[in-house]
1. Could you say whether any residue in the stretch B:35-52 is over 19 Å from residue A:46 (Cβ atoms) and at the interface with another protein chain (Cβ under 7 Å from one of its Cβ atoms)?
2. Taking residue A:95 and the conditions (1) surrounded by fewer than 11 Cβ atoms within 10 Å (Cβ to Cβ); (2) at pLDDT 60 or above, which numbered condition does it fall short on, given that it satisfies the others?
3. Give the stretch A:99-112 a look and list any residue that's exposed (fewer than 12 other Cβ atoms within 10 Å of the Cβ) and either part of a loop (DSSP other than H, G, I, E, B) or at pLDDT below 75 (or both), or say none.
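The values are calculated or read from the model by the stated rules, or taken from the named source; none is laboratory data. Since we're looking at a predicted model, the values are computed, not measured. When we count neighbours, we look across all protein chains shown, and the Cβ atoms used for this are built from the backbone with ideal geometry, even at glycine.
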Amino acid sequence: MPGDKKPNQPDPARDVLDKLFGTTDEMTDEDLNMLYEAIAPGRDATAIVHRLAADAAIECRLQNRPLPDHLQAALDATREVKGLDNVEPSKLRQIVDALTAPYTGAVKDPAYAYRNCEGELDTHDQRIVDELTDELRKEWRGDDGEGKK
Amino acid sequence: MNRFQNIDWARLYKVLRVHAAATLRRYRGPDTFDGGQDCEDVVQEVLKDFYRSPNGLGWKQGKGRLETYLGTIVHNKLVDRLRRQKHVSGSLDDPDFSLPAENSHATPAPERAKTRTKDALYSLVKGEAELRDLITAAELVEGGPNVNQELGEVLNKTPRQVSKLKERLLEIDGVKELYAGRQKTKSTRPSA
């Protein structure tokens, strides 16, 4: 049975790469995505899963079999979203989360780089951020009313 | 709602794909086998079998995580393909297994493979001191779920800095191939 581990069957030796990245069942999402992109660059996992599920669904329909729950779930979860009508709330939540997640890459304006600051913001940093916030607020309010709070 | 609705299928695929690459590396299998199939084909075959199967190849929540369950099937299929290919003789799970051409070595094969991977990594990073330190630190940790934190403690860096270092390591020519157990120049499939 796949889930069972035979006591006399040794694990394949963990090498330095396993220790560095962890094995797949203990890997962080960040490391998993990094490794996946490294070994399968440009391969859209969602699209691949959808294609596999769609192929399996065709076979089921040709055999007049109902789609198993897991197949239906995979098809639903990986369907390409072409409009927001009839989209499940969980999918909408994913989209909103993706749009509102903080940007952690390099920024052109150092004023916005505090998010990437390794240590705590000290009072000096905080003062700069506050000044920039005030400046932005003034410009925002002066902007013909559209951006007024 | 059924038990499959919370599964992140894209993540599952990525886990299986990375798992397959690591398995191939550990057994030092060829890039392709069975007339041009590679480990990606094996992963897709397993996932498709799972979707086709009315009972999901017998997986139940009580049997552990789906990615572990399917990961074991991927592992067994890969080992089976490698055996069929006769690239190694005897049991691949045997700690004393070795490639036929290397039977004369005194050190057990997994130990040789570990040393080879480590040496190859060191030679690829060459003069990059930070990356050399990262590899050395990796030898000192267990590599569990908090590996970035563990490495960070050894290297005196934050987990995010460790993650960036790993990203740098993967960008070095040859490291990705080493992870995936591939030859540096990817072999092409014979045309049908």
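1. The answer is yes, given that some residue of the stretch B:35-52 is over 19 Å from residue A:46 (Cβ atoms) and at the interface with another protein chain (Cβ under 7 Å from one of its Cβ atoms).
2. (1)
3. Answer for the stretch A:99-112, where residues must be exposed (fewer than 12 other Cβ atoms within 10 Å of the Cβ) and either part of a loop (DSSP other than H, G, I, E, B) or at pLDDT below 75 (or both): A:100, A:101, A:102, A:103, A:104, A:105, A:106, A:108, A:109, A:110.
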